[in-house]
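*Asks:* There's a structure below that I have some questions on.
We did not get these values from a lab; they are worked out from the coordinates using the rules stated. No experiment lies behind these values; they were computed from the predicted model shown. Note that each Cβ is placed from the backbone with ideal geometry, even for glycine, and that neighbours are counted across all protein chains shown.
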Amino acid sequence: MNMQKTYVSANELLLDSFTLAKQVKDSGYEPTALIVPWRGGMPVGICMHEYFHTQGVTLKSTVIKTSAYSGIDKRSDVTLAPFAPDFTEDDRLLIVDDVFDTGRTMKALKEELGRHCKDIRIATVFFKPSRNETELSPDYYLYATDEWIVFPHEVDGLTPEELEEKSPALARLFP
């Protein structure tokens, strides 16, 4: 498959994550709880939590394992691992992720979380509007793109040439 890929460095994702947090804060929305999908949302969620903490805002955080991705342009049914809600119906939830692609994972999260709380918003660094299969869109995002985003931690599925393009130092670790 010959798809245009954008390689995001760790420093770019770090700065973008804090920028996204500032965008949320500047909007006047003050979440009381972060919902972070395991794995992709973790780096962004950590930065979001740190940013709000430095602004004097204490946030509850819940990590939820989700799965729907099984490779580039491959999808399976969305599943959410069981979790114990650490919030009330009066909380303001912010779902934080790295990319909003088809929207299927966000839709499943929002439907499940909506059983416990009504004020739910979505923040993501990247938004792919042309791939969105739902009626949802993120409330906050930095970039709209159609390109495939390769995040700093991602190596699975890359060819040796792509790994070299992403990071020659990293490529040397994968013979």
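*Asks:* Just the number, please: percent antiparallel of the DSSP beta bridges in the chain, rounded to the nearest 5. Before the final figure, lay out each step's value.
*Replies:* Working: 3 of 27 bridges.
Roughly 10 percent of the DSSP beta bridges within the chain come out antiparallel.
*Asks:* What is the helix-to-structure angle for 10-26, meaning the angle in degrees between its Cα long axis and the longest Cα principal axis of the chain, kept from 0 to 90 and rounded to the nearest 10?
*Replies:* 20
*Asks:* Continuing with this model, one more query. Give the relative contact order (percent, whole number) for the range 1-160; include only Cα pairs under 8 Å separated by 6+ residues. Could the numbers behind the result be given before it?
*Replies:* Working: 288 pairs, mean separation 43.1, N = 160.
Contact order relative to length: 27 percent.
*Asks:* Right, next: What is the local net charge at L15, summed over the other residues whose Cβ is closer than 15 Å to its Cβ (Lys, Arg +1; Asp, Glu -1)?
*Replies:* Values: positive: K22; negative: E12, D16, E50, D98.
That sum, taken over residues with Cβ under 15 Å, equals -3.
*Asks:* Same structure again: Treat every Asp and Glu Cβ in the range 1-152 as -1 and every Lys and Arg Cβ as +1, leave all other atoms uncharged, and give the resulting dipole magnitude about the Cα centre to the nearest 20 debye. Before the final figure, lay out the partial values.
*Replies:* On the way: 17 positive and 22 negative charges, 51 e Å.
Magnitude of the dipole: close to 240 debye.
*Asks:* Mind checking which of D86, D156, D119 has the largest fluctuation in a GNM of the chain, springs on alpha carbons under 10 Å?
*Replies:* D156
*Asks:* Then there is this: Given the rule -39500 (n - 2.57) for each run of at least 4 DSSP H residues, summed and divided by the residues of the chain, what is its mean residue ellipticity at 222 nm, to the nearest 500 deg cm²/dmol? Please list the in-between numbers first.
*Replies:* Details: 5 runs with 52 residues, N = 175.
Calculated mean residue ellipticity at 222 nm is -9000 deg cm²/dmol.
*Asks:* If Lys and Arg each add +1 and Asp and Glu each add -1, what is the summed charge of the other residues whose beta carbon sits under 9 Å from the beta carbon of L94?
*Replies:* Values: positive: R92, R121; negative: D139.
My count for the surroundings of L94 gives +1.
*Asks:* Loop only by DSSP, 13 or fewer other Cβ within 10 Å of the Cβ. Give me the GluC sites (Glu not before Pro) in the range 47-129 that pass, ordered by residue number. If you can, show how the numbers build up before the last one.
*Replies:* Numbers: sites: E50, E89, E111, E112; in loops: E89.
Answer by residue number: E89.
*Asks:* A further question on this structure: Note the angle between two axes, namely the Cα long axis of helix 104-113 and the longest principal axis of the Cα atoms of the chain, as a number of degrees from 0 to 90, rounded to the nearest 10.
*Replies:* 20
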